[in-house]
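Accompanying notes for the structure given below.
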């Protein structure tokens, strides 16, 4: 591979995406996996300590407020991430801590308190993965007859983020004084009721927690629909996304950076982080053998359920070795799909004309994220190519199984990236914002006070 010179000081962002059992749907079955430890917090603390030893930026836990339909064949339960991340914070010192929370089913004041507490607890390492929730199973858990529409979810999300931003800013940085000599604990003139009244929320404020070490947690977003891109360009400081090809990733990257710049934001402060799931072998043949071994553990009934959830199309009864036709997706309405992943699947079918077996193998590896099979050098080459070709600022690393898939990455791929000058050898800061090269935001209220002074 011909290596392109990187801009001075630019470093990869690398997160460990922790998913119960691994990111391959059958990873929990692979020899050496430890499915009996999936509810053992020491297992996750050990993973986080290993990620920290490799100087990764963050660990990330996804979440969703419903039990999905296909638990029979895969590790598809969810652990509430903030509880788990608090325990991980106590076992680590530098690694960032990113967890998902839905704007569709949380309330802003409760969420603001939870993430501010995690940021204090960890010394400034918290990140909030902002999602809206489309899965139909969730609405019944919160007393709703049906799932809110796509447009309604994003309208609520935008107001939600505005509210929590004001809450996290409601204490100015120097409002907490705690001076035993004067007897003044806090300057209440610098603690602001937010008095928010909007379409979805009425929140008086102020937050009952002082401003956190990062000012506010890092805003992360996952969603690639048109609404998701617009939302990310306005709010997100890191974007989790899925792409199968370099060209698709480059187009997304350019669009996000352009939209952010048009909104007056510094595009360097919006980190685009695709998922990558590496299958690593000492030779190409060994890596391919590993990939095939894991795919041999697939339960087709599970995979077909997954495909239906993404695309709205039920392939039950379709021969596994029969070619999937584009016509199968022609009449699918948007309400039945996961919009960004639907398009990803359609693009695979258009580009590769796969059989059903080949299609479910592609998606089983990482639910539509980029799967790379090869030697450590090949994995590092792909990471460098995307990083230097305007496709990524870094990656969410999604091991097919734990721990082995992750240990291979940190022991064999990370040293190559480090040798090429693409990734840190030591942490240079303590907070997640410092790891990502993001500024610490000033309180909105401090800015207003200074402007009117």
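Full-extension gain between residue 179 and residue 251, please, as 0.36 nm times their residue separation minus the C-alpha to C-alpha distance.
Working: separation 72, 0.36 × 72 = 25.92 nm, distance 5.36 nm.
Value of the extension gain: 20.6 nm.
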Practice item. Residues in segment 418-452, backbone N under 15 Å from the label point at residue 189 (7 Å along the Cα-to-beta-carbon vector): list them, ranges by number please. Key: 446, 449-452
Point to revise | With eigenvalues of the C-alpha gyration tensor scaled by 5 and rooted, segment 200-321, Å | key: 37, 21, 18
Point to revise | Spacing of the two label points (7 Å from each Cα toward its C-beta) at residue 323 and residue 419, in nm | key: 4.4 nm
Review point. Residues of segment 242-259 with amide nitrogen under 20 Å from the 7 Å Cα-to-Cβ point of residue 350?
Key: 242-256
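Out of all DSSP beta bridges with both ends in segment 143-289, state the antiparallel percent to the nearest 5. The partial results should precede the final answer.
On the way: 6 of 13 bridges.
For segment 143-289, the DSSP antiparallel bridge percentage is about 45.
Highest first, please rank the peptides 440-449, 230-239, 48-57 by the mean number of other Cβ atoms sitting within 10 Å of their residues.
Numbers: 440-449: 15.7, 230-239: 22.9, 48-57: 21.2.
Going from most to least packed, we get 230-239, 48-57, 440-449.
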Revision key, fill the gap. Rounded to the nearest 10, the angle in degrees between the Cα long axis of helix 284-295 and the longest principal axis of the Cα atoms of the chain comes to 80 degrees
Study note, to complete from the structure: Per-residue ellipticity at 222 nm attributable to helices in the chain (runs of n ≥ 4 DSSP H, -39500 (n - 2.57) apiece, nearest 500 deg cm²/dmol) works out to -11500 deg cm²/dmol
**Study point:** Cα long-axis angle, helix 226-235 against the chain (0 to 90 degrees, to the nearest 10)
**Key:** 40 degrees
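Give me the one-decimal Kirkwood hydrodynamic radius in Å for segment 35-146, with the sum taken over alpha-carbon pairs. Display every interim value, and only then the final one.
Working: mean 1/r = 0.0660 Å⁻¹.
The Cα-based Kirkwood calculation yields 15.1 Å.
Take 303, 248 and order them by how many other Cβ atoms sit within 10 Å, fewest up front. Don't skip to the end; give the middle numbers.
On the way: 303 25, 248 19.
With the sparsest Cβ surroundings first, the list reads 248, 303.
Any idea what the relative contact order of the chain is, in percent, if you count C-alpha pairs under 8 Å spaced at least 6 apart?
Dividing the mean separation by the residue count of the chain yields 22 percent.
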Point to revise | log₁₀ of I(q)/I(0) at q = 0.18 Å⁻¹ - segment 59-124, Debye sum with one point per alpha carbon | key: -0.72
Review point. How compact and how long is the chain, expressed as Rg and Dmax of its alpha-carbon atoms in Å?
Key: 22.2, 80
Study note, to complete from the structure: With Cα coordinates, the longest principal axis of the chain makes an angle with the long axis of helix 108-122, in degrees rounded to 10, of 90 degrees
Check your understanding: How much length, in nm to one decimal, is gained on full extension between residue 162 and residue 292, taken as 0.36 nm per residue of separation minus their Cα-Cα distance?
Key -> 42.1 nm
**Study point:** Sites residue 137 and residue 10 - FRET efficiency at Förster radius 35 Å, r taken between beta-carbons, to 0.05
**Key:** 0.25
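Need one number for segment 317-453: average projected area of the convex hull over its C-alpha atoms, nm². Don't skip to the end; give the middle numbers.
Numbers: hull surface 57.9 nm².
Its Cα hull, projected and averaged over all orientations, spans 14.5 nm².
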Review point. Order of 79-87, 395-403, 284-292, 378-386 by packing, highest average Cβ count within 10 Å first?
Key: 395-403, 378-386, 79-87, 284-292
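What ranking of 434, 293 emerges when the number of other C-beta atoms within 10 Å of each C-beta is taken as an exposure proxy, fewest first? Walk me through the numbers on the way to the answer.
Working: 434 19, 293 13.
Going from sparsest to densest Cβ surroundings: 293, 434.
Nearest 5 is fine: what % of DSSP beta bridges in the chain come out antiparallel, could you say? Write down the numbers at each step before the final one.
Working: 7 of 43 bridges.
Taking every DSSP beta bridge with both residues in the chain, the antiparallel ones total about 15 percent.
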Study note, to complete from the structure: Most exposed to least, judged by fewest other Cβ atoms within 10 Å, 419, 308 sort to 419, 308
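Considering the convex hull of the alpha carbon atoms of segment 103-219, report its projected area averaged over all viewing directions, in nm², one decimal. Could the numbers behind the result be given before it?
Details: hull surface 33.0 nm².
Value for segment 103-219: 8.3 nm².
Quick note: the coordinates plus some simple rules give every number you see, no bench work behind them. Not measured: the values here are computed from a predicted model. FYI the Cβ positions are ideal-geometry reconstructions off the backbone, even for glycines, and counts take in every protein chain you see.
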